[in-house]
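Working notes, beginning with the structure itself.
The values are calculated or read from the model by the stated rules, or taken from the named source; none is laboratory data. Since we're looking at a predicted model, the values are computed, not measured. Ideal geometry is used to build each Cβ from the backbone, glycine not excepted, and the neighbour counts take in all protein chains shown.
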Amino acid sequence: MKKLILLFAIMVLSFAFIGCGKDEGEKLYVYNWGEYMDPEVRELFKKETGIEIVYEEFETNEEMYPKIKTNAVQYDLICPSDYMIQKMAGEGLLSEINFDNVPNIKYIDPTLLESSETFDPGNKYSVPYAWGTLGILYNRTMVDGPIDSWGALFDDKYAGNILMIDSVRDAFAVALKYLGYDLNTTSEKELNEAQAILKVQYPLVQAYVVDQVRDKMIGGEAALGVIYSGEAIYTQRENPDLEYVVPKEGSNVWIDSWVIPKNAQNKENAEKFINFLCDPKIALMNFEYITYSTPNTEARNMIEDEAIKNSPIAFPDEETLSRTTAFQYLGEEVEAMYVEKWNDVKSNIE
Amino acid sequence: MVKKIFERFYIGIILLFLYAPILILIGLSFNKSKSRAKWGGFTFHWYKELFKNRDIMNALYTTLIIALLSALIATIIGTAAAIAINSMKKTPRTILMGITNIPMLNADIVTGISLMLIFVALRYTLGFTSVLIAHITFNIPYVILSVMPKLRQLNPHTFEAALDLGATPVYAFFKVILPDIFPGVVSGFFLAFTMSLDDFVITHFTKGPEINTLSTKIYTEVRKGIKPEMYALSTLMFATVLLLLIIINRKGEAKKMPITKI
Amino acid sequence: MNVPLNVKNKSPHKMERDHGLKIGKSNKVKWLSFPYILWMVGFIIIPLLMIFYYGLTDKNKDITLQNITLISDPINQKALILALELALISTVICLLLAYPLSLILSKSKHKSNSFIVLILILPMWMNFLLRTIAWQNILEKTGILNSFLSLLHLPTLNIINTPGAIILGMVYNFLPFMILPIYNVLVKIDKDVINAARDLGANGWQTFCKIIFPLSIPGVISGITMVFVPALTTFVISTILGGSKIVLIGNVIEQQFRLGNWHTGSGLSLVLMIFILFSMAILSKYDKESEGSHIW
């Protein structure tokens, strides 16, 4: 018995010591999406400035929000999505960024800065980090001809082969756009119509997924799926039969931007880091790591792979972009209404 | 004879069922492709990458330390509690055992959230300690429930005898009681360690920034795809414990041999 | 003085005997439980009271029952009923699978009790999320199971994203918790009692019905408890293996807390707790020993 304990303890401690090592110094608390930054970037920042980044990840905007709202944790830099930025700014949770400390903002695509004004008028609180579109990923060999409409996701002939997105705003965006409505609508009548077609779609849906869509499409498990443009590139690499399209009825353009919360302890370090991230070399590193479109025009010029540099998926043209809209925060009541209808759809209540 | 074959077959099926996904994960740890949906060829690449990945290593370190500490502390508190409860009258005993069952009967999401609520209410910053406290909390019941049966099987007279023979209560405890309940204590410790290792929900709600256990790290990776280094790490941990098991079992059998020879 | 050493309590049913250790006349030993009691009050009772507080109040801090009555909402009702159904089915399947296995194991000559136990717990050393995702690899249309079946020219199965897959996931994750308590109780049954029954003319089946099964009931109850409750409250399994098409009460509660609706989340949790307590109360009628689980 005693030998067992000894062996066990040695094993545990040896495992533990492999992962050892903590140091002190200036810090920066960053809260970002999972797998959304090249770890080397953080190392480089530390080498250059001596500031240690304490890095934390979240899965959804809704998971991040209560932590900031209740002041449970103090972060210096967060990367929420468009509508969440609007919500947080509206509630006074964000600090205005001092752009004197972020000269590299000049590299950010002005079109994207303009789009950002939908949720951040005057671009006071945010600096774009990554962006993309919402669209259909489909397997060429499993569908009849090229897909160009959201209608394909509601089509009987693909029953059991459709992967719908498991996210309330995105799912409703699909339905609303297909019906020709604004994806930021607050009209209950329009939402009811969207809810109705989503309910009709339920039996045709193989599964409601967010991240699992990648592996399932790569494996040929389904013919059609809803996906973010950033993921599409990765899936195409793994399975060349896959195509991505932003449907003709229009879609959502999403932007994830850096913001500084009011209760940040290291605001200047945060601004330094934002500036660092806007350096084209660094932006390029991150682009290659996360494969989500970068808003950094100079970084885009530095992309070596021509196919990617000019990829209509990663960098859609004006025409495509013109039919996309960013999400707005619709206020507590309307958002709750969306959620209620969405739960009704997924529960498949008659 | 047929019965024996059937029995062996049944055990085999169940073991296959239990270990099938594990075999898959081990296989994926050697998969060149990052996607679990296709096989890209055999490689050791992820094993090498694993040790270079600071984030995962930190998560591993945190996971093991929390599991070890929480299991240890839970074992001490739990064993003491089990002994005490065992000596109580029926009513206080029933009440305390009822309370002991609460964490196990509650959904882990409720346990996790209730702990988060109280930390927030006390304005206690979430961090390493809050996770540790949470783990100890759900571990203690497992220890108590492991030690109790052994205590019941004890003969209380041996303890009294030791006292009669002049031993102090503490000495008598360590020489008489502890050796007998030791298997229960060890199983309680091991069970607590395992539960702590695999916990996700409770850790998720009670952790602060810079704290990540393997479970929470994996959860953040699900969105962008599980890093194959995780598969490699899981395989290594599994292999280590399996090896330990085999070694212990061999030692156990070796011990029995000399006695039977006579 | 004749002091019996290490006499095991051989009676199959608990005798009311002198419990525990006493030092002299006063029972000072019970103070050993003090740290535990403090801990429990601080980290179990009080947090639970917080859930009660949030469940029975609304955003304006007024007392209300609306969080509780939320369960009558058709969506929540369906989620709860589905969860109950699936958890029940999974528990029964676990019982049916685990009992024969425990019987076989308890009769085996492998003296290593701990070895068997460890083999069953070993899978838990691989992360639960990873193992559940691995089942996708097995159950998908293009998964391993179907590839294997196609090889044998058998029809493929469409298990994934159905309630069947969720049941499979629940059984997979909780089976060891059913096996262990039953096995531990069976192993402690005195062989003499069985032999006595045989001597008196009972055949295998009668011995099982009249002796073995009744004696194993405490273990069965433990097992049911340790499977039914987590199965009832899971949300990960239904998301990954059910394709999010099957919304269980665990999903509803998790969503409420995720969206920051602590009041509704707590209210629904309270309802769930009541259901669980109710089921446990019914079960405890069958368990005369009633002192909790028999994991070991």
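State all residues of the range B:211-238 that are within 19 Å of A:T60 (Cα to Cα), of a type outside the set (F, W, Y) and without any contact (Cβ under 8 Å) to a residue 24 or more places away in the chain; if no residue qualifies, say none.
B:I218, B:T220, B:E221, B:V222, B:R223, B:K224
Quick one: B:G184 ticks every box in (1) more than 7 Å from every other protein chain (Cβ to nearest Cβ); (2) buried (at least 17 other Cβ atoms within 10 Å of the Cβ); (3) not β-branched (V, I, T) except a single one, so which number is it?
(1)
Here is a check on your reading of the model: is B:I14 of a type in the set (A, V, I, L, M), farther than 21 Å from A:I218 by Cα and within 29 Å of the chain's Cα centre (by Cα)?
So B:I14 fits the description; yes.
Mind listing just one residue for me: the one in the range A:184-232 that is among the β-branched types (V, I, T) and surrounded by fewer than 20 Cβ atoms within 10 Å (Cβ to Cβ) and, of those, farthest from the other protein chains (Cβ to nearest Cβ)?
Within the range A:184-232, the match that is farthest from the other protein chains (Cβ to nearest Cβ) is A:T185.
Is it true that some residue in the range B:98-118 is more than 9 Å from chain C (Cβ to nearest Cβ), assigned to a helix (DSSP H, G or I) and either out of contact with any helix residue (DSSP H, G or I) (no Cβ under 6 Å at 6 or more places or on another chain) or surrounded by fewer than 22 Cβ atoms within 10 Å (Cβ to Cβ) (or both)?
Scanning the range B:98-118, I find no residue that is more than 9 Å from chain C (Cβ to nearest Cβ), assigned to a helix (DSSP H, G or I) and either out of contact with any helix residue (DSSP H, G or I) (no Cβ under 6 Å at 6 or more places or on another chain) or surrounded by fewer than 22 Cβ atoms within 10 Å (Cβ to Cβ) (or both), so the answer is no.
Would you mind telling me which numbered condition in (1) within 14 Å of chain C (Cβ to nearest Cβ); (2) not in a loop (DSSP other than H, G, I, E, B) A:D100 fails?
Of the numbered conditions (1) within 14 Å of chain C (Cβ to nearest Cβ); (2) not in a loop (DSSP other than H, G, I, E, B), the odd one out for A:D100 is (1).
Going by the structure shown, is B:Y171 over 25 Å from the mean Cα position of the chain (by Cα) and not in a helix (DSSP H, G or I)? Talk me through it step by step, then tell me what you get.
Working: over 25 Å from the mean Cα position of the chain (by Cα): yes; not in a helix (DSSP H, G or I): no.
When the stated conditions are applied, B:Y171 does not pass them.
Please tell me if C:A231 is part of a helix (DSSP H, G or I), farther than 30 Å from C:F257 by Cβ and either modelled with pLDDT under 85 or aliphatic (A, V, I, L, M) (or both).
No; evaluated as a whole, the condition is false for this residue.
Conditions: (1) within 14 Å of chain C (Cβ to nearest Cβ); (2) farther than 23 Å from A:Y65 by Cβ; (3) outside any helix (DSSP H, G or I). A:P316 meets all but one. Number of the miss?
Single failed check for A:P316: (1).
So C:I104 fits all but one of (1) in contact with a helix residue (DSSP H, G or I) (Cβ under 8 Å, 6 or more places away or on another chain); (2) under 26 Å from B:I247 (Cα atoms); (3) more than 7 Å from every other protein chain (Cβ to nearest Cβ); what number is the exception?
Here C:I104 clears every test but (3).
Does A:G135 satisfy the condition of being small (G, A, S) and out of contact with any strand residue (DSSP E or B) (no Cβ under 6 Å at 6 or more places or on another chain)?
no
Can you pull out the residues in the range A:153-183 that are touching a strand residue (DSSP E or B) at 6+ places or on another chain (Cβ under 9 Å), more than 14 Å from chain C (Cβ to nearest Cβ) and buried (at least 22 other Cβ atoms within 10 Å of the Cβ)?
A:L153, A:A173, A:V174, A:K177, A:L183
Please note which helices (runs of 4 or more DSSP H) are completely contained in the range B:1-88 and include at least 1 residues that are within 11 Å of chain C (Cβ to nearest Cβ), surrounded by 15 or more Cβ atoms within 10 Å (Cβ to Cβ) and modelled with pLDDT of 90 or more.
Those helices (runs of 4 or more DSSP H) span B:2-29, B:54-86.
State all residues of the range C:51-107 that are touching a residue at least 12 places away in the same chain (Cβ under 8 Å) and outside any helix (DSSP H, G or I); if no residue qualifies, say none.
C:L56, C:T57, C:D58, C:K59
Would you be able to tell me the number of residues in the range A:66-84 that are touching an Asp or Glu at 6+ places or on another chain (Cβ under 6 Å) and within 11 Å of A:V127 (Cβ to Cβ)?
Our first condition is that a residue be touching an Asp or Glu at 6+ places or on another chain (Cβ under 6 Å); within the range A:66-84, this holds for A:79, A:81.
Narrowing further to those that are within 11 Å of A:V127 (Cβ to Cβ): A:79.
Selection size over the range A:66-84: 1.
Among C:L186, C:L259, which is the only one that is within 14 Å of chain A (Cβ to nearest Cβ) and in contact with a helix residue (DSSP H, G or I) (Cβ under 7 Å, 6 or more places away or on another chain)?
Checking each option against the conditions leaves just C:L259.
Considering only the range B:125-135, I want to know if a residue exists there that is within 9 Å of chain C (Cβ to nearest Cβ) and touching a Gly at 6+ places or on another chain (Cβ under 6 Å). Let's see the steps before the verdict.
Within the range B:125-135, the first condition is being within 9 Å of chain C (Cβ to nearest Cβ), and the residues that meet it are B:133-134.
Subset that is touching a Gly at 6+ places or on another chain (Cβ under 6 Å): none.
Within the range B:125-135, none of the residues are within 9 Å of chain C (Cβ to nearest Cβ) and touching a Gly at 6+ places or on another chain (Cβ under 6 Å).
Looking only at the range A:38-53, which residues are surrounded by 17 or more Cβ atoms within 10 Å (Cβ to Cβ) and within 11 Å of chain B (Cβ to nearest Cβ)?
Those that are surrounded by 17 or more Cβ atoms within 10 Å (Cβ to Cβ) and within 11 Å of chain B (Cβ to nearest Cβ): A:R42, A:E52, A:I53.
Before we move on, is A:A196 outside any loop (DSSP other than H, G, I, E, B) and more than 25 Å from A:G34 (Cβ to Cβ)? Walk me through it before giving the result.
Working: outside any loop (DSSP other than H, G, I, E, B): yes; more than 25 Å from A:G34 (Cβ to Cβ): yes.
Here the answer is yes, as A:A196 does meet what is asked.
Could you say which residue among C:S279, C:S216, C:S284 is more than 8 Å from every other protein chain (Cβ to nearest Cβ), among the hydroxyl-bearing types (S, T, Y), surrounded by fewer than 19 Cβ atoms within 10 Å (Cβ to Cβ) and over 30 Å from B:I226 (Cα atoms)?
Every option except C:S284 fails the conditions.
Please go through the range A:234-256 and give me each residue that is within 30 Å of A:D120 (Cβ to Cβ), within 13 Å of chain B (Cβ to nearest Cβ) and either part of a strand (DSSP E or B) or touching a strand residue (DSSP E or B) at 6+ places or on another chain (Cβ under 9 Å) (or both), ordered by number.
Matches in the range A:234-256: A:D256 only.
Provide a single number: the residues in the range A:40-66 that are more than 16 Å from A:D256 (Cβ to Cβ) and either out of contact with any strand residue (DSSP E or B) (no Cβ under 8 Å at 6 or more places or on another chain) or among the small types (G, A, S) (or both).
Here the count works out to 8.
Is there a residue in the range C:126-136 that is over 17 Å from C:I166 (Cα atoms) and within 8 Å of chain B (Cβ to nearest Cβ)?
Yes, the range C:126-136 contains at least one residue that is over 17 Å from C:I166 (Cα atoms) and within 8 Å of chain B (Cβ to nearest Cβ).
A:G132 is checked against (1) in a strand (DSSP E or B); (2) at pLDDT 95 or above and fails just one. What number does that condition carry?
(2)
B:S215 fails exactly one of the following numbered conditions: (1) within 22 Å of B:S234 (Cβ to Cβ); (2) more than 14 Å from chain A (Cβ to nearest Cβ); (3) among the small types (G, A, S). What is the number of that condition?
Failing condition for B:S215: (2).
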